[in-house]
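Following: one structure in structure tokens, then a few remarks.
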Amino acid sequence: MEQRPETPPVRERIPRSKSLIMPTIANPFVHRLKLSGWDKIRIAVMSVTIVPIRAIFAILFLFVDWLFCSVIVMGHKKNAAEQQKPFTGWRRSLQNFAMILARVHIFLMGFHWIEVRGRRAPPAEAHLLVFAPHTSFMDSLTIFACREVVSGVSREENGKVPIFGTLVDCLQPVYVSRTDPDSRLKTIKEINRRCEPDSEWPQIVIFPEGTCTNGSCLITFKGGAFYPGVPVQPVAIQYKNALDTFTWTWDGPGALKLMWLSLCNFSNKLQVTFLPVYKPSEAEIKDPKLFARNVRAVIANAIDKPVTDHTFEDCRLMMRAQEMGLPLEVGLVEFQKLLTKLGVKMDHLQDKLKSYADIAKSGGYINMEDLAKYLELPVSPALKEVFALYDRDGSGKIDFREYVIGCSLLAQPANNDETLKLAFAMFGGDKDYIEPEDMCRIMNSAFSMAEEESLKIFKQADADNSRKVTYDEFKAYMQKKPEYAKLFITYQQLATLPETIEADFKNKLCATKSELDIERSQTELKTEASAAKTGEEKKRD
């Protein structure tokens, strides 16, 4: 029976690193309100009855609170030496009274009761209170769960906002400047100073996520609260209303709309859970990022939420993507994960986003036709192979995250000198240059490309219009479009695949033939031995 060659082996997809798999929560920066018929009726009725009364009293108490805070900080900001000390004496007494007024203020806004679970640790046990998830501008109301005056960390710009800035100054926060390159170190130093033993400073409330999310997960904790290496108390925040009118994200309802809808609630339910004090180990003191991750895990477990590696930088990329006419979610790449695993910096990502925008013409994503058009190539087996390597989830389209990972793991490693020299030799052979005919021959063989299209690519690579592409010109062109290098490698692999299969088949045929020869020889020997034995028996008879 004739033996048939085996089916060519299927080329496996590149193994996916578990550290780079898609996040559990695709987009923690989006929030949508779904109003039922009853919600709409309630909001309509409350808007013309209770809300105006609440608003009037809220504004009145805000003004009274501002007056008290103005007296407290009066003359204090002008004295640099005084700013280095916590409020004492009459200022501390007025500060406590202002907190009572502020509690009445938020009571009138519908926060009738803040449910507190657990025990707040005294400053002697933990000077830092780490709150998460950070979902709303209303999270600042959690300071009333502490039932004592506390401080915080705030942007320097917040202290300059009329009225609101005075209220912030009254809490004596650690101000962070986004324009000062040394601000991060100064902030860590100031937190360290306030956390010293026997310090009279109030406890510091910190929201380490650094930006608001929809609360579906906990994103990366910034390291500021963890560099001092002192015990912290994790605190979980949860809003318990059936309709979430509190979550304030980059892609969702604005602050004024959320404030109005929250005033339309009969009662706003806020739950604050104080978890056991977390004392860092020696390893965590040496590695603040490890410390931050472990504290995040404690809070996530307490409220049964997953964690992701999204950061504020993802929000910046979202805004940049929107400016380029791309969907907001395109900018979501889990920046912290890409930075840690691939060493990708923010500037590099912004440059890649520009390149991605030039290619993605299918609703903000790259499909096969988009990639072929960008590379000015027809769809071919080699191009399909490269596309599949980028398309990590097999969805048939490449998003920005997959594009960045592909460029880092596939295109850039393939774009080294050794690979480029092999590709150059594939075109020019032993020559030191590539001529138009060489380009047309290889491009037609590899991608069935017409001569006109091949010459177009040749002209782009021929920087000095000499009708000869040198290695330096070839390398410069490949660096502009690194996908080509991986494409040529893939073509070479596909081109040599039939030869490999044929060689394997021939080897197997030879092996089979040898086995048959051996088997035939053994059979003949057995037959001869049997015949000889039969002859001897006949002679005896």
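Each value in this text was obtained by applying a stated rule to the coordinates, not by laboratory testing. The structure displayed is predicted, hence computed values, not measured ones. We place every Cβ from the backbone using ideal geometry, glycine too, and count neighbours over all the protein chains shown.
Using 0.36 nm per residue of separation minus the Cα-Cα distance, give me the extension gain between MET319 and HIS348 in nm, one decimal.
Length difference between fully extended and current span is 8.8 nm.
Using mean Cβ contacts within 10 Å as the protection proxy, how do 291-297, 352-358 order, highest first?
So the peptides 291-297, 352-358, ranked by packing, come out 291-297, 352-358.
Check GLN203: other-chain or 5+ apart residues with amide H under 5 Å from its amide H, H built from backbone geometry?
Placed amide hydrogens put SER151 under 5 Å from GLN203.
Which order do the peptides 140-152, 317-329 come out in when sorted by mean C-beta neighbours inside 10 angstrom, highest first?
Most protected by this proxy first, the peptides run 140-152, 317-329.
With a point put 7 Å past each Cα toward its Cβ, work out how far LEU422 is from ASN241 in nm, to one decimal.
So the label points at LEU422 and ASN241 sit 6.2 nm apart.
Find how much the distance from LYS341 to GLN84 grows on full extension, using 0.36 nm per residue of separation minus their present alpha carbon separation; answer in nm with one decimal.
Answer, rounded to one decimal: 88.5 nm.
Relative to the present Cα-Cα distance, how much length would full extension add between PHE107 and LYS286 at 0.36 nm per residue of separation?
60.1 nm
Mind ranking 67-76, 126-135 by how tightly packed they are, going by the mean number of other C-beta atoms within 10 angstrom, highest first?
126-135, 67-76
Counting only other residues whose beta carbon sits under 12 Å from that of TYR471, what net charge do I get with K and R as +1, D and E as -1?
Numbers: positive: LYS421, LYS431, LYS468, LYS475; negative: ASP417, ASP432, ASP472, GLU473.
Around TYR471, the surrounding residues sum to 0.
For the pair ALA55 and TRP38, how long in nm is the line joining their label points, each one 7 Å along Cα→Cβ?
In this crude spin-label approximation the distance works out to 2.6 nm.
Restricting to the range 29-308, compute how many DSSP beta bridges are antiparallel as a %, nearest 5.
25
Loop only by DSSP, 12 or fewer other Cβ within 10 Å of the Cβ. Give me the trypsin sites (Lys or Arg not before Pro) in the range 106-145 that pass, ordered by residue number. Provide the component values of the computation, followed by the final result.
Details: sites: ARG117, ARG119, ARG120; in loops: ARG119, ARG120.
Here the trypsin sites (Lys or Arg not before Pro) that fit, given the DSSP loop and packing criteria, are ARG119.
Which entries of LYS186/LYS345; LYS337/LYS481; LYS354/LYS475; LYS345/LYS397; LYS373/LYS397; LYS361/LYS459 have Cα-Cα distances beyond 18 Å here?
LYS186/LYS345; LYS337/LYS481; LYS354/LYS475; LYS345/LYS397; LYS361/LYS459
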